[in-house]
Amino acid sequence: MEIKIVIPTYKRAGMVLTHKIAPHAILSVTRSEVPAYRALYPNVEIDEHPDDVAGMAMKRQFIYDRFGDVLMLDDDLSQVSRLYVASNKVRIQKMTPDEVYDLVQWAGNTARLCGCYLFGFNKNPSPIIYRPWQPIKLSGFVTGAAMGMLRGSRISFNPLVSGSIEDFYASGINAYYHRRAFIDTRFCFVQEETFKRTGGVGATRTMDDEKEGTLFLRRQFGSVISMKEGMYGGGAKGAKTVNQNPYGRTMTIPF
């Protein structure tokens, strides 16, 4: 079973980083932006969708419906790191594009063997926080920076919700219906400048949206959603100890 690698991107022609670490990936682009992306990424496969597929939730739903077995990657990923190595040297931690492809295929197919529909990786790029006694988790939150989904699940994305909460919503729905997820904490897809780059979700995101998104999640999933304190992120390189999103949230699956 091949896992397609798809990069949802919006208003970031010329700023996409992820295709450098995942050259097999497909760019998912609105129809009106295809010419701009095709001119700048002539060697990258582009899959277009109608312009009225607007917002990350609708975009993820379109990708899932279209590809079925898929890993969705943010467009601002700069590297994939091995967190388990006994060295802090980037040249040892950093994975090659071929290794990244093999990792994705292994993770998706192993998830299927484990009876999981949702799969992902470590959300924190720091080896200090890596727990070597728990390399694989079968429950928990899967960050949208590298969110894997397998066909046949009951996971869907609500197009009416506000803010960048679609990964929390998918993780909650998955936990409710399927009870397990496959998370390989040995590896992290590392983001650049979360909440700072132009385009993408940031083109439309407001703090009011973030607030409403967190409240919506609380109404849907209750106490498993709590306000975030301290370090924000989900794989952001150099994440600050100050939460840059005052309405940031965390999810704790109780099983």
Among the residues listed as ALA107, ALA111, ALA146, ALA175, the single one being surrounded by 18 or more Cβ atoms within 10 Å (Cβ to Cβ), in contact with a strand residue (DSSP E or B) (Cβ under 7 Å, 6 or more places away or on another chain), touching a residue at least 40 places away in the same chain (Cβ under 8 Å) and over 28 Å from TYR10 (Cα atoms):
ALA111
Residue check, VAL85 closer than 18 Å to GLY108 by Cα and hydrophobic (A, V, I, L, M, F, W, C):
no
In this structure, does PRO159 turn out to be modelled with pLDDT under 95 and either among the basic types (Lys, Arg) or buried (at least 23 other Cβ atoms within 10 Å of the Cβ) (or both)?
no
Tell me, which residue of segment 29-47 that is of a type in the set (Ser, Thr, Tyr) and more than 24 Å from THR96 (Cβ to Cβ) is farthest from the chain's Cα centre (by Cα)?
SER32
Among the residues of segment 93-138, the number that are closer than 21 Å to ALA175 by Cα and assigned to a helix (DSSP H, G or I) is 7
Among what's in segment 12-67 and is crowded, with 16+ Cβ neighbours inside 10 Å and among the basic types (Lys, Arg), pick the residue that is farthest from ASP167 (Cα to Cα).
ARG12
Mind checking whether some residue in segment 192-206 is under 23 Å from ARG60 (Cα atoms), assigned to a helix (DSSP H, G or I), in contact with a helix residue (DSSP H, G or I) (Cβ under 9 Å, 6 or more places away or on another chain) and modelled with pLDDT under 85?
yes
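The values are calculated or read from the model by the stated rules, or taken from the named source; none is laboratory data. Quick caveat: nothing in here was measured; it's all calculated off a predicted structure. Cβ atoms come from the backbone with ideal geometry, glycine included; neighbour counts cover every protein chain shown.
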